[in-house]
Amino acid sequence: MIFNPIIGSNKYPYMKITMMNANAVVAGSNDTMSIADFQPAIWTSSSNSALKISLVSDNAIQFSPVFTYPIYGDSEQIYGYQDLVIHLAFDSVTFKPFVNVKYSAKLDEGRDDVEGRLLSFLPKDDVVLKDEAKWVDCFQKEQETYKLPPQDCLIDEYLLDGEAFAVYRTKVTDPSTKELHRRIQIFSLLFIEAASYIDQDDPNWEIFWLFSKDHKQCIGYVTTYKLWHYTGSASFDQPENIKYRARISQFIILPPYQGKGHGSHLYEALFSHWIKDDSVTEVTVEDPNENFDDLRDRKDLQRLYENRFFNQVAKDGEVSQEWIESNRMRYKIEKRQFNRLVEMIMMHNNSPQFRLQVKRRLYIKNYDSLIDMPESERKDALQKSFLLLADDYKRIVAKCKFSKRATESDNQNPCAKKIKG
Ligand SMILES: CC(=O)SCCNC(=O)CCNC(=O)[C@H](O)C(C)(C)COP(=O)(O)OP(=O)(O)OC[C@H]1O[C@@H](n2cnc3c(N)ncnc32)[C@H](O)[C@@H]1OP(=O)(O)O
C-alpha cells in the first residue's frame with residue numbers, strides 16, 4: 001500500500017517562537033526573525049486549504065473540503081501556524097480515522113487548537129493520532145471481520161463499469177452501521193452547506209448506504225427522516241394507517257466517486273423504495289443545493305417520461321392545479337417540484353400554454369411583492385423571471401436522455417409498474 005501522499009516527512013524542524021520587541025529568535029535555530037515575521041497574515045492559514053482529506057485503499061486519493069466553518073469558525077481561518085497541513089485520512093472500507101497535524105512553526109500563545117477542534121467532530125477514542133503504522137495495523141485488523149449490512153437491509157443493486165454496487169437501508173440506531181456512521185458523518189459537514197450531525201439515538205432517522213459489493217467500500221450515503229403526515233381523521237384513528245413524508249436530509253457521494261452516475265442511481269433507489277412503501281405519501285428534500293437540484297430534476301423527469309406521463313400533460317389549454325395535485329400524489333413528488341416538472345414537460349412538448357402556465361405560478365408565488373407595482377413594471381418583472389426560468393429548464397431538459405422507449409422501461413422500472421398511466 002502507498003501512503004506517502006498523506007503523511008510524507010516533515011521537512012521542517014519543530015520550532016518554538018518567542019516574541020520579542022523588534023527582533024525575535026526562533027528557538028532551536030540560529031535564525032533571527034524580522035518584525036515582518038510577526039504580521040498576523042503570516043500566521044494565518046485557510047482551513048479549507050490546510051485540511052487534506054484522504055481515502056486510502058490500494059492507493060491514497062487526496063481531496064480538499066468545501067466547508068470547514070462548522071469546525072474552524074465562520075472565517076474558515078486558523079491562526080498561529082506556518083505551513084499548516086492537517087491530514088485527515090480514512091481507510092476506504094472501515095473509515096477508521098487518522099489525524100496528523102503538521103506545520104513549520106507555531107506561536108507559543110494565542111494559536112487555535114487545530115487538532116482539538118477536529119477531534120471534537122470525530123468519534124471519541126477512535127482516532128489514531130500521528131502513528132501511521134498503528135493506524136494501518138488497526139484498520140487491516142478491522143477489515144478482516146468487516147461486513148456489509150445484513151441482506152434484509154438490501155434495497156437495490158446495480159452494475160457500473162462492470163463493478164457491482166448495492167444500496168442498503170438501516171436505522172441510524174442499527175448496530176451494523178452505527179460505528180461507520182459515527183466515523184463518516186464528518187463528510188456531511190465538510191461537503192454539505194449548513195449540515196449538522198443527526199441524533200444517533202432517534203430511530204426515525206434512516207440511512208441509505210451505497211457500497212461497492214466487491215470492495216466493501218462506502219461510496220456515499222443519504223440521511224433521511226420520516227415526518228408524520230396528517231391526512232385526515234380517518235387515518236389518524238387507525239395507527240396502522242399512519243402516513244409519512246420521507247425527507248432527504250443529507251445526500252452525499254464521496255468525492256472520488258462523484259460524476260460517474262452513482263448519485264443518480266442512489267436517488268432512484270431511494271425513490272423506488274418509497275414509491276413501493278404505502279405509508280410514504282411524498283418525498284421532500286431539505287435545503288437542496290444546485291447540484292442536487294439538477295440531479296433531482298433530471299431523474300424525476302426521466303421517471304415521468306418512463307411512466308408515459310409526458311403524453312398525459314395537456315398540450316393545449318391550462319393545466320389545472322386540481323389535475324396537477326391528483327397526479328403529483330401518485331408520483332409522491334412534492335408540490336413545487338411537481339409544478340416545475342409539469343412546466344418543463346410543457347416546454348419540451350412545445351405547448352403554447354407554457355408561458356402562461358409559468359407566469360401564473362410566478363404571479364401567485366410573488367403576489368405580495370408584485371401587487372403594488374404599476375402594471376407595466378409588473379409585466380416586465382414577470383417576463384424577466386419567465387425568461388430566466390425558461391433558460392434553466394432548457395439547460396436541464398437538454399441533459400436528459402429521453403431516448404429509452406417507455407414500453408421497454410415498463411419492465412425495468414418498479415415505479416412504472418406501481419403507477420398506472
Ligand atoms: C439535500 C442535500 O443534501 S443537498 C447537498 C447535495 N450533496 C452535495 O453537494 C455533496 C457533494 N456532492 C455530491 O455528493 C455529489 O456530487 C452529488 C450528490 C451532488 C451528485 O452525485 P454524483 O454521483 O456526482 O451525480 P451523478 O454522477 O449521478 O451526476 C452528476 C454529473 O455527472 C454526470 N455523469 C453521470 N454519469 C457519468 C459518467 N459515467 N461519466 C461521466 N459523467 C457522468 C452527470 O451527467 C452529471 O452531469 P452534470 O455535472 O452536468 O450535472
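Every number in this text was worked out from the coordinates using simple rules, so none of it is lab data. Fair warning: this is a prediction, and the values are worked out from it, not measured in the lab. Here Cβ is always computed from backbone atoms with ideal geometry, including for glycine, and neighbour counts include all displayed protein chains.
Quick notes on this structure:
- Tail fraction, Cα-Cα pairs, region 50-209, threshold 24 Å, whole percent: 42 percent
- Projected label distance in nm at Ala381 and Lys276, using a 7 Å step from Cα toward the beta-carbon: 4.8 nm
- Along each principal axis, taking the top coordinate minus the bottom one, the Cα set of region 252-393 gives 50, 33, 28 Å in descending order.
- Between Arg111 and Ala390, the FRET efficiency from the beta-carbon distance, with R0 = 51 Å, is close to 0.45.
- Region 147-287: translational diffusion in µm²/s, Stokes-Einstein, Kirkwood Rh over Cα pairs, 4 °C, 1.567 mPa s: 82 µm²/s
- Long-range amide H partners of Ile219 with built H, under 5 Å: Leu210, Phe211, Ser212
- Centre separation in Å (Cα based) which lies between region 366-395 and region 301-320: 24 Å
- For region 25-145, the orientation-averaged shadow of the C-alpha convex hull comes to 9.0 nm² (one quarter of the hull surface).
- 5 angstrom amide H check on Ile242, placed H, neighbours 5+ away: none
- Beta bridges per DSSP, both residues in region 25-145: antiparallel share near 65 percent.
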